[in-house]
Amino acid sequence: MSQFAALLIALPMIGAFAMPLIGMLGRQIRNSWAILAMLATVASALVIVNEVLTQGTIVYAFGAVDSALTIPFDSGGVPIRILFTIDAMSAFMILTAAIMMFAVTIYSIASESEQTGQDGYYALLFLMMIGIFGMVSTGDLFNFFVFLEINSLAGAALAAYRINNGLSVEGGLKYAVISTVAGLFFLFAVGMLYAQYNSLNIAYIASVISLSGLSLVAIVLMITALAMKSGSVPMHFWTPDTYSSAPSSITAILIVSSMASLYAIFRVIFTLYGLTLNVVTIGWVIIILGILSMFIGVSMALPQKDVKRLMAYHSVSQIGYMLVGLGVGVAVLGDQQMLSQFGIVAMEGGIFHIINYALYKGLLFLVAGAVIYRCGTRNLNELGGLGHSMKWTMGFFIIAALAIAGIPPLNGFASKLMIYESVFIFNPFISVIAMVVSIMTLASFVKVFHSMFMGPQLPQYAEVKEVPLPMLIGMGVLVVLIILFGLFPDLIVNTFVEPAALALIDRTGYIASVMGGI
């Protein structure tokens, strides 16, 4: 069954490279191929998630086996090849990406129907998913870099997909520049670790690493690079332009891409370095970045008139919650009592918030895309009264807005409550800041709701009607999950989130699984 790890990359790759050829056969056949490739990829992802949760960590390598073809060897005796190491944390991220891929592909069938170059759009969409799946499932540092670059190149092209205005090109260019710098930083760090340990295998390096010399420089470069890609303050400057100018369906996938980079930060800290670090200092650095991201993001969102730009700043703010939750876990990693008392719960809250954020933030961007699809503007001052003609879209927006503000019984409340309670034990002041940010978030989306959907129907939008069915289905999938995750949080936490948190903490188990499985 572990061969499904290879299918996770192979299936979207086949979908991507066959897309230009199948596109020649007509629009309907191309759309059918996109849906088929998406369903096959999502099915393989679900099989992998189930296998990991029931049987444990998957370690799967493919490439040359003959020793004559596997030169050079790393110092752990493991030949250099494509290596997948999928534990519960990786499986959690795969599940998140698969859900968003399903919703976005269905949504795109209608939202991009009038655009040119759709063959390239779907090919790049699948390439981006290859990058995301590879980033969260590889057990090799150089493989991670390759998947990071695939993700970045496809993301930059998709951000600039609609080249009929200069803003799309500007947003794509900024994403390309930040991705290039981040990629170089990460590659330099990989080179430093390879020079010091003669290995690219994450588990092997983790088993011998010491925090000195090049290893110290390497972790600084890695965290800086991945923080840039995740959109954390103070390296968030690309997110408003890229998120607002990209097609809304692509913005939803860019969110998952940023979560893959955030995952990598925690994989580096917990798995690669672990207790070799001064975890208290590193934890507080992450917490401070989280607090700044929360407050600066929501403060910048409040005055915005461009609905997608406003949502982009809220993305920065929401990343702060994850950083705070996982940062508290890092800070108490060396104290077993505090880790058991509140550290694991804080980590679970941060991890749970990753998938919750992807769901409600992805939905918010898809709703914004639906409004733009019908009205042709992102300016809140030019919108109004759409609740009369776009009732389903308005209902979806209300659910997503309440979820991001942490209102029960939706999913945002469930993960935020875990963060509030656990962080309060660690430091009450941080928990209060998080609650205040949620109140400010609610105020911001009340403004958006009033501007877009309330009031009399405007004359220029008298002919506006609800968006096509595929767009409603794409949004509806996310709505259902937002409600279910909010109504049954214990089931989600016990099944997916808790195993993910424990997998991050169990550095020794990760090393043993990989070194014994190759």
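The values are calculated or read from the model by the stated rules, or taken from the named source; none is laboratory data. Quick caveat: nothing in here was measured; it's all calculated off a predicted structure. With ideal geometry, Cβ positions are generated from the backbone for all residues, glycine too; neighbour counts draw on all protein chains shown. Areas reflect the complete protein model, heavy atoms only, side chains present, ligands, DNA and RNA absent. Shrake-Rupley method; radii C 1.70, N 1.55, O 1.52, S 1.80 Å.
Checked across region 111-124, the condition of being assigned to a loop (DSSP other than H, G, I, E, B), among the β-branched types (Val, Ile, Thr), open to solvent by 30 Å² or more (accessible area, probe 1.4 Å) and closer than 17 Å to Pro247 by Cβ holds for at least one residue.
Remark: Ile407 matches the filter, which requires a residue to be under 30 Å from Ala91 (Cα atoms) and surrounded by fewer than 23 Cβ atoms within 10 Å (Cβ to Cβ). Residue-level analysis places Glu463 among those that are part of a loop (DSSP other than H, G, I, E, B) and open to solvent by 60 Å² or more (accessible area, probe 1.4 Å). The one condition from (1) of a type outside the set (Gly, Ala, Ser); (2) surrounded by fewer than 19 Cβ atoms within 10 Å (Cβ to Cβ); (3) touching a Leu at 6+ places or on another chain (Cβ under 7 Å) that Met128 does not meet is (2).
The number of residues in region 173-205 that are part of a helix (DSSP H, G or I), of a type in the set (S, T, N, Q) and more than 28 Å from Ala246 (Cβ to Cβ) comes to 1. Has region 448-455 got at least one residue that is part of a helix (DSSP H, G or I), surrounded by fewer than 21 Cβ atoms within 10 Å (Cβ to Cβ) and without any contact (Cβ under 8 Å) to a residue 40 or more places away in the chain? Yes, because at least one residue in region 448-455 is part of a helix (DSSP H, G or I), surrounded by fewer than 21 Cβ atoms within 10 Å (Cβ to Cβ) and without any contact (Cβ under 8 Å) to a residue 40 or more places away in the chain.
Scanning region 217-243 for residues that are polar (S, T, N, Q) and at pLDDT 85 or above gives Thr224, Ser230, Thr239, Thr242. Scanning region 355-381 for residues being free of Cβ contacts under 8 Å to residues at least 40 places away in the same chain and of a type outside the set (Gly, Ala, Ser) gives a total of 1. Residue under question is Ser299, and the condition is that it be modelled with pLDDT of 90 or more, surrounded by fewer than 24 Cβ atoms within 10 Å (Cβ to Cβ), more than 18 Å from Val256 (Cα to Cα) and not hydrophobic (A, V, I, L, M, F, W, C); does it hold? Against the criterion (modelled with pLDDT of 90 or more, surrounded by fewer than 24 Cβ atoms within 10 Å (Cβ to Cβ), more than 18 Å from Val256 (Cα to Cα) and not hydrophobic (A, V, I, L, M, F, W, C)), Ser299 qualifies.
In summary, Leu254 fulfils each of the numbered conditions (1) within 30 Å of Phe429 (Cβ to Cβ); (2) of a type in the set (A, V, I, L, M, F, W, C); (3) modelled with pLDDT of 90 or more with the single exception of condition (1).
Results for (1) of a type in the set (Asp, Glu); (2) open to solvent by 10 Å² or more (accessible area, probe 1.4 Å); (3) in contact with a helix residue (DSSP H, G or I) (Cβ under 9 Å, 6 or more places away or on another chain), shown as yes or no for each residue.
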site	(1), (2), (3)
Ser249	no, no, yes
Ala264	no, no, yes
Tyr273	no, no, yes
Asn278	no, yes, no
Ile282	no, yes, yes
